[in-house]
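The values are calculated or read from the model by the stated rules, or taken from the named source; none is laboratory data. As the structure is a computational prediction, the values presented were derived from the model and not from experiment. Positions of Cβ are backbone-derived with ideal geometry, glycine not excepted, and every protein chain shown enters the neighbour counts. Side chains included, ligands, DNA and RNA excluded: accessible areas come from the protein's heavy atoms. Shrake-Rupley method; radii C 1.70, N 1.55, O 1.52, S 1.80 Å.
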Amino acid sequence: MNMTFPFSEHCLALVLSGGNALGAFQAGASCALKDHGLPPDWVAGASVGAVNGAIIAGNQPDRTKAALEMLWRPASVSSSFDLQPLEEPRRMQSAVASLTFRQPRLFSPRALYGLWLNPSSDPEPSSLYDALPLEATLRQLVDFDRINLGDTRFFATAVDIETGEDVVFDSAATAITPEHIRASAALLPVYPPVEIGGRLLGDAGISINLPLDSVMAQPQDKPLLCIAINLLPLLAQRPKTLGEIFTRAQDLMFATQCRRAIAAWQALFAQRSKQGDGASVTLLYLAYADQSDEVSLKTFDFSPESAARLWQAGFDTLTGHRARSQR
C-alpha cells in the first residue's frame, strides 16, 4: 500500500465479502491495516465478512488480532482424522472432515441419516448444518456493546428470503446481536435461515456478496477511502475437470455480482464528479486472485495450514497494493 496516501483526511471503510473458509485472507489483511495504525471508521460485511467485521468492530484494536486468531487458527477439526502428507489431498480431506463431522466454532451437521431412512419420523430440517456453534463463538469473541456504542460503525447485510430484498443492519440505527451476524451468514441450504423482526433472512451472498452499497450509499461530509476485500475471483484459468467446473461456477455466481456493483458505483460517482457534487471516493479493491492451488471444496477447508497461508496472503496483498482512485 502507498503509505503516503492522506488517510487522516478520509473516512476509512472496510468492506468484506463472503467466502466461508477463505475468510482467513480478510483476517490477515485487516491485521495489516492495524499494523499501519489504520483502524477503520466503518466496517461492512456479508456472510463470513460479517463475522470478521463483527470481530474487528467488536474489539479494541489491541485485541483484534488475538480474537481473529482464535477463530482462524484453532486446533485441527478432528485430531483422529488421518490426513495424507500430500498438500492437495490433505486440504481436500480437511474440507471433507469439516463437512462430515463439524467445524467446532462454526457449524455441526444435523442428524440427517435417520431422516433419509425414515422420512416420516421427524419434521424435515431447513438446513444441512446447525449454525448455533457460530452464535457461541460470536458471543465469546465479540463485544456487542462495543459494536453498538463504540466508534466503529458496523453494517451487516442479508437478504429477505420471501421478498428478495436486500437488508442492511446498521449499528447506527439497529442494536446488533449475534442473530444479525448469523442471518448474514445463513447460506441456504447449508445453514438455516434466521428470522429477525418478522423477516426470514439468508446469506447476503445470494444477492450481493461484496456489500459496497452499505457504505457507498451513506451521506459523506468528507472524502471516503473504501477498502473492499473480495474472496472469490472473477478471473481464472479455463476449467477442465468436474471439480474445476464446480469451483468456477461457484466463483462466478458471486464474483460477477461484485463486478456489476463496482461498475455501477463508478458510473454514479463519475456523473457526480462532472456535476461537482459530493465528496471524493477512493476505492482500493483487493481480491484473493490467484487460487490456482485451491481445491474444489476450498470454502470448507478450515485446516490450520490453509488458514495460515490465507492469512499471510491477505497480509501481503494489502501491504503490497496501491490505491486506485475512483471519483
Please determine, by comparing only the residues of the stretch 297-327 that are surrounded by 19 or more Cβ atoms within 10 Å (Cβ to Cβ) and part of a loop (DSSP other than H, G, I, E, B), which one is modelled with the lowest pLDDT. L297
Anything in the stretch 134-148 that is part of a helix (DSSP H, G or I) and either more than 9 Å from S171 (Cβ to Cβ) or among the hydroxyl-bearing types (S, T, Y) (or both)? List them, or say none. L134, E135, A136, T137, L138, R139, Q140, L141, F144, D145, R146
Near pairs, Cβ below 6 angstrom, 6+ apart or cross-chain, from the stretch 90-104 (in a helix (DSSP H, G or I)) to any residue that is modelled with pLDDT under 70 and β-branched (V, I, T): A97/V77; S98/V77
Is the stretch 61-80 home to any residue that is buried (at least 19 other Cβ atoms within 10 Å of the Cβ), modelled with pLDDT under 90 and farther than 23 Å from A158 by Cα? yes
Is it true that T282 is at pLDDT below 90 and either hydrophobic (A, V, I, L, M, F, W, C) or open to solvent by less than 60 Å² (accessible area, probe 1.4 Å) (or both)? yes
Some residue of the stretch 259-278 being open to solvent by 40 Å² or more (accessible area, probe 1.4 Å) and among the acidic types (D, E): yes
Hey, among R259, R238, which residue is basic (K, R), farther than 29 Å from R73 by Cβ and in contact (Cβ under 8 Å) with a residue 12 or more places away in the chain? R259
Among the listed residues G58, G53, which satisfies the condition of being closer than 19 Å to T317 by Cβ, in contact (Cβ under 8 Å) with a residue 12 or more places away in the chain and buried (at least 24 other Cβ atoms within 10 Å of the Cβ)? G53
Residues located in the stretch 171-187, provided they are open to solvent by 20 Å² or more (accessible area, probe 1.4 Å) and either touching a His at 6+ places or on another chain (Cβ under 6 Å) or over 24 Å from S126 (Cα atoms) (or both): A172, A173, T174, A175
Taking into account only those residues within the stretch 225-250 that are assigned to a helix (DSSP H, G or I) and hydrophobic (A, V, I, L, M, F, W, C), which is nearest to A204 (Cα to Cα)? A249
Pairs with Cβ under 7 Å, 6+ apart, first in the stretch 134-155 and among the aliphatic types (A, V, I, L, M), second open to solvent by 60 Å² or more (accessible area, probe 1.4 Å): L141/M70
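Residues are listed down the side, and each one gets a yes or a no for (1) of a type in the set (K, R); (2) at pLDDT below 85; (3) under 20 Å from the mean Cα position of the chain (by Cα); (4) assigned to a loop (DSSP other than H, G, I, E, B):
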| site | (1), (2), (3), (4) |
| --- | --- |
| A173 | no, no, no, yes |
| R182 | yes, no, yes, no |
| V190 | no, no, yes, yes |
| P219 | no, no, no, yes |
| K222 | yes, no, no, yes |
| L252 | no, no, yes, no |
| R260 | yes, no, yes, no |
| A267 | no, no, no, no |
| S273 | no, yes, no, no |
Test: residue in the stretch 207-229 that is over 13 Å from V48 (Cα atoms), in contact with a Phe, Trp or Tyr (Cβ under 6 Å, 6 or more places away or on another chain), among the β-branched types (V, I, T) and surrounded by 15 or more Cβ atoms within 10 Å (Cβ to Cβ): yes
Matching residues in the stretch 31-50 - criterion: being open to solvent by 10 Å² or more (accessible area, probe 1.4 Å), part of a helix (DSSP H, G or I) and at pLDDT 95 or above: V48
